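Okay, structure first, notes after.
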Amino acid sequence: MHPANLQINIARLREEGLDLRLNLAEEWFARWQEDDPDLEFSGPGHLVGEVHLERHGQDILVRGHLQGTLQVICSRCLVSFSHPVEADFDLLLAPAPTSRGREEEELSRADLDVDYYTEEVVNLENILREQVLLTLPLKPLCSETCQGICPHCGVDRNRETCQCSERESDSPFAMLKNIKL
């Protein structure tokens with residue numbers, strides 16, 4: 001399925017469900033980057049996947065699998081690298097509840113597994129974007145042994161040796177070294 005057609009009319013869902021094959025390439029990521037310039041990845045990725053939508057009464061079950069790569073920035077050395085993605089997801093969509101006013105409502109654990117659709121359309125674009133973001137690590141690392149950049153001179157310590165010496169006086173904790181217990 002072409003990424004531009006990710007608005008699914010639930011009237012199209014037959015009893016056996018709807019199977020979609022996805023190819024999320026550079027243009028899909030470019031459109032997303034345009035919508036949200038603060039994205040956590042550095043360049044276009046390439047993901048392929050399958051999504052199965054199935055109707056259960058008024059609820060819609062969305063099951064899918066995504067795999068491919070994303071370009072992300074290492075949180076230590078700030079170098080862009082290719083991050084593998086492989087994720088399965090299950091999501092239950094229910095019709096959006098009618099507004100009951102502005103009172104706060106406490107959610108149960110089961111409520112956290114339910115998302116909502118409005119009118120007669122399921123927006124797969126938003127679901128896929130959410131699932132991609134959930135695959136990203138909190139602190140992406142180009143490798144477990146990444147040494148990062150020097151906080152004094154800014155050199156990438158993975159590529160060259162830093163000439164800075166660790167200056168104890170720069171540390172706010174340097175004076176604790178002299179405390180005797």
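Checking every one of the chymotrypsin sites (Phe, Trp or Tyr not before Pro) in segment 103-181 against DSSP loop status and a limit of 10 other Cβ atoms within 10 Å picks out Phe173. Each 10 Å bin from zero holds the following percent of Cα-Cα pairs in segment 1-94: 15, 38, 30, 13, 3, 0. Computed about the Cα centre, the dipole magnitude for the chain is approximately 860 debye when only Lys and Arg (+1) and Asp and Glu (-1) carry charge, each at its Cβ.
If the viscosity is 0.692 mPa s and the temperature 37 °C, what translational diffusion coefficient in µm²/s does Stokes-Einstein give for segment 1-53 when Rh comes from Kirkwood over Cα pairs?
Details: Rh = 12.6 Å.
Estimated via Stokes-Einstein, D reaches 260 µm²/s.
Looking at segment 73-181, which trypsin sites (Lys or Arg not before Pro) are in a loop (DSSP not H, G, I, E or B) and have at most 11 other Cβ atoms within 10 Å?
Sites meeting the loop and neighbour criteria: Arg100, Arg102, Arg109, Arg159, Arg167, Lys180.
So what is the relative contact order for segment 3-145, in percent, with contacts set as C-alpha pairs under 8 Å and at least six apart? The value is 24 percent.
For segment 47-87, pairs of C-alpha atoms spaced more than 13 angstrom apart make up 64 percent of the total. Dipole orientation for the chain: of the candidates Ile73, Gln163, Phe41, Gln163 has the Cα lying most toward the positive pole (charges on Cβ; Lys, Arg +1; Asp, Glu -1).
The chain: longest stretch without exposed GluC sites (Glu not before Pro) (DSSP loop, at most 11 other Cβ within 10 Å), sites themselves excluded?
17-102
When the chain is treated as a Gaussian network with alpha carbon springs shorter than 10 Å, the biggest mean-square fluctuation among Cys77, Cys164, Cys150 belongs to Cys164. Here the Gaussian network model covers the chain, with springs between Cα atoms less than 10 Å apart; of Val62, Val132, Val114, Val114 fluctuates the most. Scanning residues 5 or more positions from Leu78 or on other chains, none has an amide H under 5 Å from its amide H, with H placed 1.01 Å from N in the peptide plane.
Restricted to Cα atoms, the chain shows a radius of gyration and a Dmax of 23.2, 76 angstrom.
Compare Leu124, Leu138, Leu47 in a GNM of the chain, Cα atoms joined below 10 Å, and give the one with the largest fluctuation. Result for the chain, Cα springs under 10 Å: Leu138 fluctuates most.
Each reported figure results from applying straightforward, stated rules to the coordinates on display, with no laboratory input. Remember, it's a predicted structure, so these values are computed and weren't measured experimentally. Counting neighbours? That spans all protein chains shown, and the Cβs are built from the backbone with ideal geometry, glycine included.
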